[in-house]
1. For the condition out of contact with any Lys or Arg (no Cβ under 9 Å at 6 or more places or on another chain), free of Cβ contacts under 8 Å to residues at least 12 places away in the same chain and not basic (K, R), what is the one hit in E227, E219?
2. Restricting to the stretch 43-89, give me the number of residues that are in a helix (DSSP H, G or I) and within 17 Å of N120 (Cβ to Cβ).
3. Pick out the one residue from V98, V137 that is closer than 27 Å to D239 by Cβ, under 12 Å from the mean Cα position of the chain (by Cα), touching a residue at least 24 places away in the same chain (Cβ under 8 Å) and in the same structural domain as A17 (by TED's automatic domain parsing).
4. Out of A126, A168, A163, report the one residue that is more than 25 Å from N250 (Cβ to Cβ), surrounded by fewer than 20 Cβ atoms within 10 Å (Cβ to Cβ) and of a type outside the set (K, R).
5. Inside the stretch 132-160, can you point out the residues that are surrounded by fewer than 17 Cβ atoms within 10 Å (Cβ to Cβ) and of a type in the set (S, T, Y)?
6. Which members of the stretch 90-140 meet the condition of being in a helix (DSSP H, G or I) and acidic (D, E)?
7. Since L114 meets every condition but one in (1) more than 18 Å from R157 (Cα to Cα); (2) buried (at least 22 other Cβ atoms within 10 Å of the Cβ), which condition does it not meet?
8. Looking only at the stretch 205-254, which residues are assigned to a loop (DSSP other than H, G, I, E, B) and hydroxyl-bearing (S, T, Y)?
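The values are calculated or read from the model by the stated rules, or taken from the named source; none is laboratory data. Just so it is clear, the structure is predicted and the values come from calculations on it, not from any experiment. Cβ sites come from the backbone with ideal geometry, for glycine too, and all protein chains shown count toward neighbours.
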Amino acid sequence: MRHVARKRFGQHFLTDAAVLAQIVAAVAPQREDLMVEIGPGLGALTRPLAERVTKLHVIEIDRDLVARLRVELPADVRIHEGDALQFDFAALGQRLRVVGNLPYNISTPLLFHLCRFVANIDDIHAMLQREVVERMVARPSTADYGRLSVMLQYRFRIERVLAVPATAFRPAPEVESAVVRMSPLRPLPHPADDERLLETIVTAAFSQRRKTLRNSLREHFSTEIFERLRLDAGVRAQDLSVADFVRLANAIGR
């Protein structure tokens, strides 16, 4: 039966067979992998994954699609009906390989939600709006570098894998897309003493991008701390590396 894409769920179904094959090749699923797909939709990616792995979980919020998938997918595919933003990925076990065409309207909060389970995750392959991917991989002192860049690069090595045109979807979105690979950094190259504090500092620094650190972080740091760390308080947040932000956060906690 035909399914009408629902805007409230940000549904755009990937239908291009060549792009699907490229994604499967990039993921390179192995038989014993514990695979988790977010937003299987009509099952275009789910089916080739199910052919290659013995343990596949899918998370879908649309009850109509869930009913359809329960009929069409192999019986050993575990279907979880619910919101991925509320899902407890740790309940599925360790060494999760996460894949998904992430809904563009919730992609950023969903990425931060996945960060909570980084200890359980081996890697993530995600389809996202191209602009979001550009922010994820951005380097310091560039316009795209921001809170998302810092907080994801703190935990993951991020690689852009594949560009995907809007014509690969039905209905076609108004934006271009891209697939990224996110691999947890183990051990962390720049561990923060308090990761919540790190996020607070990064958020404050980028909340007023045009201000210098001296002004955007005045509630957190004195001039003496910047001098002790040999950081220029006259630069903007986008000019600090991930390591610099960790040094700032750790300076408060010690």
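1. Details: E219 fails: free of Cβ contacts under 8 Å to residues at least 12 places away in the same chain.
Exactly one residue qualifies, and that residue is E227.
2. Step one: list which residues in the stretch 43-89 are in a helix (DSSP H, G or I), which gives 46-52, 63-72, 84-86, 89.
Now restrict to residues that are within 17 Å of N120 (Cβ to Cβ): 84-86, 89.
So the answer is 4.
3. Numbers: V98 fails: closer than 27 Å to D239 by Cβ.
Going through V98, V137 in turn, the sole match is V137.
4. Numbers: A126 fails: surrounded by fewer than 20 Cβ atoms within 10 Å (Cβ to Cβ); A168 fails: surrounded by fewer than 20 Cβ atoms within 10 Å (Cβ to Cβ).
One residue alone meets the criteria, A163.
5. S141, T142
6. Of the stretch 90-140, the ones in a helix (DSSP H, G or I) are 90-92, 104-115, 118-120, 130-137.
If the condition is that a residue be in a helix (DSSP H, G or I) and acidic (D, E), then E131, E134 are the ones that fit.
7. Every listed condition holds for L114 apart from (1).
8. Of all residues in the stretch 205-254, those assigned to a loop (DSSP other than H, G, I, E, B) come to 208-211, 217-222, 230-235, 240-241, 254.
Once the filter is applied, which keeps residues that are assigned to a loop (DSSP other than H, G, I, E, B) and hydroxyl-bearing (S, T, Y), the stretch 205-254 yields S222, S241.
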